[in-house]
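Right, one structure below, let's go through it.
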Amino acid sequence: MKATFDKWQREHEQQHQTLSWLRCVLSRDKLHVEMLYCEVCRKYEARLCSLRNFSNSWIKGSANLKLSNMLDHARSDVHLTAMSKLCADMAKENGVCST
Ligand SMILES: [Zn+2]
């Protein structure tokens, strides 16, 4: 459900910065979430694919809509590497790093 997705995005923002990466693909009626993907891993895919444990399921889109799947991604090495690259790039642009 789209409402569940919005709730996850808000509730896990503080711990996992979900607002900056957690995205979804909606069904045609816009009420249901069909896939989840990670915008940040997508952005840095070219720099992540050489990592051990690299998996492109969150880049292509994951049809596993469980909360545990989302949290596993949030804590994965590949994702954390992508987040630190994002942080470094933002720091270059703005001179600050929020994480
Ligand atoms: Zn990610």
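Take Arg10, Arg23, Arg28 and order them by how many other Cβ atoms sit within 10 Å, fewest up front.
Working: Arg10 11, Arg23 17, Arg28 7.
Listed from fewest to most nearby Cβ atoms, that is Arg28, Arg10, Arg23.
Using only Cα atoms, locate the centre of segment 1-53 and the centre of segment 78-97, then give the distance between them in Å, rounded to an integer.
Using only Cα atoms, the two centres lie 17 Å from each other.
Can you pull out the trypsin sites (Lys or Arg not before Pro) in segment 45-99 whose DSSP state is coil and whose Cβ has at most 14 other Cβ atoms within 10 Å? Walk me through the numbers before you get to the answer.
Numbers: sites: Arg47, Arg52, Lys60, Lys66, Arg75, Lys85, Lys92; in loops: Arg52, Lys66.
Answer by residue number: Arg52, Lys66.
Suppose each label sits 7 Å from its Cα in the direction of the beta carbon; what would the Ala63-Ala46 distance come out to in nanometres?
3.0
How big is the Kirkwood radius of the chain, worked out from every pair of different alpha carbons and given in Å to one decimal? All intermediate terms of the calculation are to be shown ahead of the outcome.
Details: mean 1/r = 0.0717 Å⁻¹.
Its Kirkwood hydrodynamic radius stands at 14.0 Å.
Tell me which residues come under 5 Å, amide H to amide H, from Leu26 once H is placed; ignore anything under 5 positions away on its chain.
Here Glu34 satisfy the definition.
Kirkwood hydrodynamic radius, segment 6-58, all distinct C-alpha pairs: what's the number in Å? Intermediate results must be reported in sequence, preceding the final value.
Numbers: mean 1/r = 0.0809 Å⁻¹.
Answer for segment 6-58: a Kirkwood hydrodynamic radius of 12.4 Å.
Using Cβ counts within 10 Å as a stand-in for footprinting exposure, how do Glu39, Glu93, Glu11 rank, fewest first? Kindly include the intermediate steps, with their values, before the conclusion.
Details: Glu39 15, Glu93 7, Glu11 12.
Sorted ascending by nearby Cβ count, the order is Glu93, Glu11, Glu39.
Under the rule of at least 5 residues apart or a separate chain, name every residue whose amide H is placed under 5 Å from the amide H of Ser62.
Excluding prolines and chain starts, which carry no amide H, the hits are Leu36, Tyr37.
Using only helices, what value at 222 nm comes out for the chain when you add -39,500 (n - 2.57) per DSSP H run of length 4 or more and divide by the total residues, to the nearest 500 deg cm²/dmol? Spell out each step's value before the answer.
Values: 8 runs with 58 residues, N = 99.
Roughly -15000 deg cm²/dmol at 222 nm, from the helical runs in the chain.
Note down the relative contact order for segment 2-94 as a percent, whole number, built from C-alpha pairs under 8 angstrom at least six residues apart. Walk me through the intermediate numbers first.
Details: 98 pairs, mean separation 20.9, N = 93.
Across segment 2-94, relative contact order equals 23 percent.
Counting only pairs 8 or more places apart or on different chains, how many lysine pairs in the chain have C-alpha atoms closer than 20 Å?
11
Read the figures in this text as sums done on the coordinates, not as results from a lab. What you see is a predicted model, and the numbers here were worked out from it, not measured in a lab. When we count neighbours, we look across all protein chains shown, and the Cβ atoms used for this are built from the backbone with ideal geometry, even at glycine.
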